[in-house]
């Protein structure tokens, strides 16, 4: 884990959902409800999904890691 946290731009969204269930609602808020149940989330990174949704991947990573520190 780096100083910024365990989640990086190249982390798969499915891994986040599996390893950090407390982030489930934030992932839903950021990426939409479809992302939670989509099987592609195992193959799509935070960067890919962020760009697809019009979000800045660095800001998404920072938000998710900040929630883990709480």
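Every read-out reported here was derived from the displayed coordinates using simple, explicitly stated rules and does not represent laboratory data. What you see is a predicted model, and the numbers here were worked out from it, not measured in a lab.
Please give the calculated 222 nm ellipticity per residue for the chain, where each DSSP H segment of at least 4 residues contributes -39500 (n - 2.57) and the sum is spread over every residue; nearest 500 deg cm²/dmol?
-15500 deg cm²/dmol
Pull out the extension gain between residue 55 and residue 28, defined as 0.36 nm times the separation in residues minus the alpha carbon to alpha carbon distance; nm, one decimal.
So the chain would gain 8.4 nm between residue 55 and residue 28.
When only C-alpha pairs under 8 Å and at least 6 residues apart count, what is the relative contact order of the stretch 13-69, in percent?
Taking the mean separation of contacting Cα pairs over the length of the stretch 13-69, I get 35 percent.
Ignoring solvent entirely, what values of log10 I(q)/I(0) come out of the Debye formula for the stretch 13-69 at 0.16, 0.21, 0.26 Å⁻¹ when each Cα is a single scatterer?
Values returned for q = 0.16, 0.21, 0.26 Å⁻¹ are -0.40, -0.71, -1.15.
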